Amino acid sequence: MLIALPGVYAPQEDTALLAGALRREALPPRARVLDMGTGTGVLAVAAARRGARVTAVDISRPAVWTARLNALLARTRVRVLRGDLAGPVEGSTFDLVVANPPYVPSPRPPGRGAARAWDAGHDGRLVLDRICGEVPRLLRPGGVLLLVHSALSGERSTLARLRSAGLTAEVTVRRRVALGPVLRSRRSWLCGRGLLPPGGQNEELVVIRAERTQ
């Protein structure tokens, strides 16, 4: 049973895609895993159930409380820290980093409250670009990043940034899903920017796998 306190992003299609990629990823014994932007902690719990030593980070206090509660209910050991992306684990390295960050393009700067879990600036890359910059130093040799976001936010930019940092990177999963309520409310704006075709009803989600080979 998963609990989501008010204001915490509840797992949706993107979470399910990333959870599937996590299940398929081979992990070394007692792998060190970082769940960056953990939300409810569902991915952190899934990794802990595989025997990994898991650290979960979120900037939202309600998310931190939720993740701790869900880890307790699942009888798993997860270290949950409050902070901004890699800040709380600076200097640590991991065998696997999973991330489902805010990636929805927004006509307004990100604010506070629940919308902080999805709004990500004019191009949707406010947090994605930071992750691409921070992850290479978080990965051990052979370490892997699993990252999910909408193709509306520019998968090519993500791949290019990760590759320029010395990682191998590819899209491993694609899935078309119906627009959620946030994107539907912004359909005219997204169409005006050429991100959606007129009358567009769907978006494509992608899971990107990047690996530090050296």
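The values are calculated or read from the model by the stated rules, or taken from the named source; none is laboratory data. Since we're looking at a predicted model, the values are computed, not measured. Here the Cβ positions follow ideal geometry from the backbone for every residue, glycine too, while neighbour counts run over all protein chains shown.
In table form, for the structure just shown:
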read-out	value
Unique residue being exposed (fewer than 15 other Cβ atoms within 10 Å of the Cβ) and under 24 Å from E203 (Cβ atoms) when the list is P141, P109, P102	P109
Subset of the range 52-72 (residues that are outside any helix (DSSP H, G or I) and over 24 Å from V144 (Cα atoms))	S60
Count of the range 1-27 residues which are touching a residue at least 40 places away in the same chain (Cβ under 8 Å) and closer than 16 Å to W118 by Cβ	11
Matching residues in the range 189-200 - criterion: being loosely packed, with under 12 Cβ neighbours inside 10 Å and at negative phi	P197, P198
Residue within the range 9-24 that is surrounded by 16 or more Cβ atoms within 10 Å (Cβ to Cβ), in contact with a strand residue (DSSP E or B) (Cβ under 9 Å, 6 or more places away or on another chain) and assigned to a loop (DSSP other than H, G, I, E, B) present	no
Criterion: of a type outside the set (G, A, S), surrounded by fewer than 19 Cβ atoms within 10 Å (Cβ to Cβ) and either in contact (Cβ under 8 Å) with a residue 12 or more places away in the chain or closer than 18 Å to M36 by Cα (or both) - qualifying residue of R161, R130	R130
Count - residues of the range 170-214 that are among the polar types (S, T, N, Q) and either touching a residue at least 60 places away in the same chain (Cβ under 8 Å) or within 20 Å of R116 (Cβ to Cβ) (or both)	4
A19 being modelled with pLDDT of 95 or more, small (G, A, S) and more than 21 Å from S150 (Cα to Cα)	no
Filtered residue count, the range 43-62, keeping only those that are within 24 Å of W118 (Cα to Cα), modelled with pLDDT of 95 or more and small (G, A, S)	4
Residue count, the range 9-60 (criterion: within 14 Å of V78 (Cβ to Cβ), of a type in the set (S, T, N, Q) and out of contact with any Pro (no Cβ under 9 Å at 6 or more places or on another chain))	1
Pairs, first surrounded by 17 or more Cβ atoms within 10 Å (Cβ to Cβ) in the range 46-73, second of a type in the set (S, T, Y), C-beta under 6 Å, six or more apart	A48/T76; A56/T38; D58/T38; T66/T40; A67/T38; N70/T40
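For (1) hydrophobic (A, V, I, L, M, F, W, C); (2) over 24 Å from C132 (Cβ atoms), each residue gets a yes or a no:
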site: Y9; (1), (2): no, no
site: W65; (1), (2): yes, yes
site: L72; (1), (2): yes, yes
site: L81; (1), (2): yes, no
site: E90; (1), (2): no, no
